Structures are given as structure tokens and as C-alpha cells.
Protein chains: 2
Amino acid sequence: MTATIKDVAKLANVAPSTVSRVIANNPRISEKTKRRVREAMDHLGYHPNFNARSLANRSSQAIGLVLPGSADKAFQNPFFPEVIRGISTIVHEKEYALYMSTGKTEEEIYDGVVRMVQGGRVDGILLLYSSVDDQVMNYLIEKKFPFALVGKPLKNEQSITHIDNHNFQASRDVADYLISLGHEKIGFVGGSSRLVVTIDRLLGYEKSLRSHQLPYREDYIIHEEFLEKGGQEAIRKLLALDEPPTALLVMDDLMAFGVLRTLNEMQLSVPDDISVVSFNNVMLAAFSTPGLTSVDINIFQLGYEAAVCLMDLISNPDQKPMRVAVPYRLIERQSCKAKTAQKQGSI
Amino acid sequence: MTATIKDVAKLANVAPSTVSRVIANNPRISEKTKRRVREAMDHLGYHPNFNARSLANRSSQAIGLVLPGSADKAFQNPFFPEVIRGISTIVHEKEYALYMSTGKTEEEIYDGVVRMVQGGRVDGILLLYSSVDDQVMNYLIEKKFPFALVGKPLKNEQSITHIDNHNFQASRDVADYLISLGHEKIGFVGGSSRLVVTIDRLLGYEKSLRSHQLPYREDYIIHEEFLEKGGQEAIRKLLALDEPPTALLVMDDLMAFGVLRTLNEMQLSVPDDISVVSFNNVMLAAFSTPGLTSVDINIFQLGYEAAVCLMDLISNPDQKPMRVAVPYRLIERQSCKAKTAQKQGSI
């Protein structure tokens, strides 16, 4: 059996942290202690080569994170840091590191994943988005490489481990909520139509409208990036319509802040002129003016559960695919108003 | 010379992305194209083993990020995602990945760094904080491993590549600004006294007070974590004093939001009862109520410049240590008021 840092500490009668410091040749450790620890290391045949374990059991002790587009862009949205917070809680317990490729285009991201997998740099991968016909996912399935998806796959739901919210239902709930306030003209501001989360939420929105015999209008559906700028673009398009919506379902808080900013610049009031509900409930939602009504999707928990599942898949090759649904909750603040209480004909 | 994916693409007369897709056995590529690409791969002796390059030139094509404490905690503060945004812009250009250990305690972080270095997992390291007598930094110096520091080293400034703001001067400017508004009782809410950035800013604050013949009061100096909770703790301590300050220099926006929240709960007004200036100018600063006057330290640029320097150190072993000072700027919003315009004797 290979000696560990703890064995050395025990034999030298010091704390394990002292052994670490001796390895680092820390000047705060006395020469006498250093000598004693080094003798213990020699005696036990301990070599502070941390790669040895990894070579021996063919484990990289790291998991790969795949973002949709560059970290440069993704990290503008508080969603990803918060997901990574949840992930790192679990990987820390298992002494795993995080490995993140930095590709921007679909092809660069794909190449980054191939490098991770073929280079043996990670033991498993967390795919932090789900898009239609994603070649990264196809590759991981083909390679039978352990991975878990934050989001829902468009097909093969039974065979892919995935962690998400019930997005169809959450979106239907939000539209129902706006309808209950008397709104009939409700805009939908979503992300790329290649993202499964957009598809799911659009279906939930449509279902709500149809259940209430309200028309489903293509001109009320806008697809933009999950950035403040995306929200600004979206609201400009909607306000240019002959009959702009009186309420909006916005798929992302950052987009919603863009909507609020643009409406404020145009001297339109939320919620007096237009009601807004958003998703994610990031910290900023409580601080914005007005406070943003937003669906708390438990971002931290999404990351946490995904990491738990991936660790299961890595440690147990016979583990069956899992699906975890993380609960969501509408947090009401000040960005919605009953249609009858809104200003009449202001937009 | 080894064949590249581009050589294969040229010979098969397809786009490089098509070659990637053939390697992934993507069903969207026709069998005919797959056959042609595979023939080209055979002909050129191309093997899609991305590890080969790394083995050949002994490069990991990754850089390590060292956070102060766990990602779990660090990522609560928008500072780190924003630094990483700046870093990833550069590492993306160089086709580098990011490697992040997940230790929580000082010892775990140290062990994580030793694993990165000795396991050959990274070509260089970015240390995203500077603390007094940091054993991680001592280890990297000892090993002569390429690293750059976001922050200022307490000693050996000439021999350590570091990227920071002029924190002494920035803090002095902020205190001067509050004094120019008529404030004489100014509290200092900083981070751990083991962080060099806290030490520097405290010195700048002290210098400003002394230049204006104002007393430097130990009871006005509070050290807490860079979290909302830290700000809440700090303001409670300051308000419990017989003579609480009328203005605060807070070292971090997240702390400042904690201060605002607690004052709001106590029905005290910013800026009517107390003026607040903060550092970082994160997005939330513009959205809070009142808008937070904050020093923009150009977080993105700190990460960007640090990555540029590290890449230089990695590619050129003879590169001399560098120091980059990133400019800062006070952004005035609504959280400060002249002392004479504040309510009298309200706190």
C-alpha cells in the first residue's frame, strides 16, 4: 500500500498540514521539523507526486464543464457562476477539480470536448445546456463517456441522465398567472429556438393561451440571447407592433433587466404600462426597480444535483440513467399589475 | 510533420468542421462524405488523438485558477466570474482550457495547487488573490513555476508578475472625496486583514485622514468577508458605537449591499443618514436603491491583463517579471451626500 501524507504526519508526529508545508519548503517550518518529516517520508517511501494516484487508477480527478459559447459570454449571466457553485460543492467533497474549455463557436466547443475526453483530462462531463441535435452530446453518447445534462434532451430522455425543472409547466404557470391578472396580449421573450429550454417554455406558454381560448400570435414570440442586450432588442420589436402586448413572459432575468432599462428610457412604466415576469430569480431581481417578479428555478440545486448524478455515473458504470426534476417557485415582487389597474391605452 | 484536421479537410475537399463531425460519427454527415474523409485521414496518417500534441510538447494546454476559498463561496461575489471572463478571452485565443481546483481550506487549496503542478495538469497558474505569507505563492516561487498574481505581493514586488489597481491611491481618493463632502467620521469596512488589498486600502484611507488632520480611530475599522453578510455584520458593529460614522468606505459592492439592506431594515436612509462609497462597480451597483457610488476597478481588464502576462511567462522562460497597473475610476451615483445636507443627529 502506498504511504499517504497522513502516514507521514503520524510517524513524524506532526499535523498533515505541516507535512504539506515541508514539501513546499515553507520558511515558517523549523529546520529540525523539516528534517524529521523528511526522514519519515524517506522511511515510508512517500513521494509527493500527486500524479501517481491518477496514473495508477487512470482517473483524472477532474470533471469537465461545457458552457454554451465562451465563458467570456456565458459568465455575463449570473446563471453559470451559480450553477458552478452548486457543482463545486459536490466535486469538492470528492476532491475533484473543474476543467473548463474556452471555445466560442460550436466547432471550437466540440474540439474542446474531444480534447478533454481523448486526452484523459476528465472522468466525466457536465453539459450545462441542451440544444437541438447537439454534436457534443452525440459524441459523448457515441463514446459512452459519463456525462450529465443540465436541461432536458429533446429525444432519448430515458437514456440520458438529466437534471432540469419542469419547464413546460413552469412557463404555463406564469402565463396562467398573467391571464389571471386580466392580460390577454402576452409576449414571449425567449432564448435561441435551438435550446430545448426555449422550446419547452414556448410550448407551456402556448398551452396556457389555448386553454384560455386566447390567440397564439407569432408576432408576440421573440428569440434573443440571454443578455441584457437581448431584452432591449426584444422589447423594441414588440413595441413596434400595432398592438403591443400588455404583459411579458421573459425567459431570463438579465433579458428582463434589458426590458426594464429600455422601457424606462422610453418613459414607460413597469407595471403601470406593461407587466413583466421573468425566470431565474438571480440576486439582482430583488434589487431592481421595480422589484422583478421571477420564477426561482433553484440554479444552485440544478448544479448540485447534476454533479451528484455525474459522480454516480463515474463511480458506478452500471448506474442506470437518472432524471432529477428540481422544483421551481414564482416569487412575486412589483413588476406585475392587473390589466384593469394599468393605465389605459398608454401603449 | 504531423497532419492536422485542416490537412484532412483540404484533401477531402470539405470544411474542417465536417472532419470534426466525421470523427464524432455525426448522423447528419452522409456515408459518402464520411468515407471520403476517413480515406483522407488514413492517407495522411491523421489520428484524432488530441492528447498527442500535449504529450509531444509536454504542454497541458491549460492554466490553473486559484481562488481564495471554494468556488462555492467565491462565486457568490460577481468579482470572480468577471475576472474569469477577462481571462478566458485570452486563453481562448491560445486554445487553452481553464483548470480550477475546488479546495475550501488553505490546506486543501495548497494540495490542489500541488496536484495541478506535479500532475502536469497546467502550464501556468493565475493566483486570483494575494494574502500575507501565502504558502501557495511560496510553493510556486520555490518550484519556479510560471504564475501571475491578480493583486500585489506584500514583498518581492520586483520578482513577481502581478496585475492590480493602485489600491493605496484609489482608497485615498475615496476618503478624500468623502472628506470633501464634509465628512469627518468615516468608517472603513474591509476584507480580511491577511489580504494585501485590504492592507493597501487601509493605508490609503489612513493617509487621507492624516493629511486632513483627522483622527484615525481603530473602532471605525471593521474586517469582514466579501459577502453581503459581511456588510451586515460591519454596519451593526459601527452603529453600536457611541459616535457612529457619518460616511463609510466599503471595500466591496456585495458588502455594501449588505450595509444598504441593514440600514433600510433599521429605517435609516442612504445618503440622508449615512453616505456610502464602495469598490468594484459590479452591474448591481447601478440597479440598487439608491444607486451605489463605487470605484470601477475594471475587473474584466484585471483578468485579461493577468492572462496576457501569464501567457508571456509560459511561452518565454526568459521573460522578466511584469507589473501591470489597471486604471480605476470613481463612479458617482446617489449614495453620498454632503454632511451639511444630511439629517442632523439622526444616528
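The values are calculated or read from the model by the stated rules, or taken from the named source; none is laboratory data. None of these values were measured; they are calculated from a predicted model. FYI the Cβ positions are ideal-geometry reconstructions off the backbone, even for glycines, and counts take in every protein chain you see. The area values use the complete protein model at the heavy-atom level, side chains included, leaving out ligands, DNA and RNA. Shrake-Rupley method; radii C 1.70, N 1.55, O 1.52, S 1.80 Å.
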Any idea which of A:Ile186, A:Ile235 is in contact with a Ser or Thr (Cβ under 6 Å, 6 or more places away or on another chain) and at pLDDT 95 or above?
-> A:Ile235
Restricting attention to the range A:99-119, which residues are farther than 21 Å from A:Val308 by Cα, in contact (Cβ under 8 Å) with a residue 40 or more places away in the chain and at the interface with chain B (Cβ under 10 Å from one of its Cβ atoms)?
-> A:Gly112
Filter the range A:51-76 for residues that are at pLDDT 90 or above and either in contact with a Leu (Cβ under 6 Å, 6 or more places away or on another chain) or part of a strand (DSSP E or B) (or both) and give the result.
-> A:Ala62, A:Ile63, A:Gly64, A:Leu65, A:Val66, A:Leu67
Starting from the range A:29-47, keep only residues that are modelled with pLDDT under 85, then list their pairs with residues that are among the polar types (S, T, N, Q) and open to solvent by less than 100 Å² (accessible area, probe 1.4 Å) whose Cβ atoms are within a distance under 8 Å, requiring at least 6 positions of separation or different chains.
-> A:Ile29/A:Thr18; A:Lys34/A:Asn25; A:Tyr46/A:Thr4
Note on the range A:205-253: residues within 30 Å of A:Lys73 (Cα to Cα), open to solvent by less than 10 Å² (accessible area, probe 1.4 Å) and in a helix (DSSP H, G or I) are A:Tyr205, A:Tyr220, A:Gly230, A:Gly231, A:Ala234, A:Ile235, A:Leu238, A:Asp253
Counted residues, the range B:136-165 - those being open to solvent by less than 50 Å² (accessible area, probe 1.4 Å), more than 29 Å from B:Asp296 (Cβ to Cβ) and assigned to a helix (DSSP H, G or I) | 3
Candidates A:Ile186, A:Ile163, A:Ile199, filtered to the one that is of a type outside the set (Phe, Trp, Tyr), under 22 Å from A:Lys320 (Cβ atoms) and either touching a Pro at 6+ places or on another chain (Cβ under 6 Å) or touching a residue at least 60 places away in the same chain (Cβ under 8 Å) (or both) | A:Ile163
Whichever residue in the range A:77-95 is open to solvent by 20 Å² or more (accessible area, probe 1.4 Å), facing chain B (nearest Cβ under 7 Å) and not charged (D, E, K, R) and, among such residues, is farthest from A:Glu305 (Cα to Cα) = A:His92
Tally of residues being within 23 Å of B:Ser59 (Cα to Cα) and either open to solvent by 50 Å² or more (accessible area, probe 1.4 Å) or hydroxyl-bearing (Ser, Thr, Tyr) (or both) across the range B:97-116 = 4
Residue count for the range B:257-308, restricted to those that are part of a helix (DSSP H, G or I), more than 13 Å from B:Ile235 (Cβ to Cβ) and among the β-branched types (Val, Ile, Thr) | 2
Looking only at the range B:281-312, which residues are open to solvent by less than 30 Å² (accessible area, probe 1.4 Å) and closer than 17 Å to B:Ala97 by Cα?
-> B:Gly303, B:Ala306, B:Ala307, B:Cys309, B:Leu310, B:Met311
If we keep only residues of the range B:56-76 that are more than 8 Å from chain A (Cβ to nearest Cβ) and hydrophobic (A, V, I, L, M, F, W, C), then the residue surrounded by the fewest Cβ atoms within 10 Å (Cβ to Cβ) is B:Ala56
Only one of these is part of a loop (DSSP other than H, G, I, E, B), in contact with a Phe, Trp or Tyr (Cβ under 8 Å, 6 or more places away or on another chain) and charged (D, E, K, R): B:Arg85, B:Arg121. Name it.
-> B:Arg121
Please work out which one of (1) over 18 Å from the mean Cα position of the chain (by Cα); (2) more than 24 Å from A:Arg201 (Cα to Cα) is the condition A:Asp176 fails and give its number.
-> (2)
Being modelled with pLDDT of 95 or more and under 19 Å from B:Tyr96 (Cα atoms) narrows A:Val122, A:Val117, A:Val83 down to just A:Val122
Does the range A:168-188 contain at least one residue that is more than 14 Å from chain B (Cβ to nearest Cβ) and over 30 Å from A:Val270 (Cα atoms)?
-> no
Could you tell me whether any residue of the range A:139-155 is within 21 Å of the chain's Cα centre (by Cα) and more than 24 Å from A:Gly103 (Cα to Cα)?
-> yes
Only residues that are open to solvent by less than 10 Å² (accessible area, probe 1.4 Å) and not in a helix (DSSP H, G or I): list them for the range B:166-189, please.
-> B:His183, B:Ile186, B:Gly187, B:Phe188, B:Val189
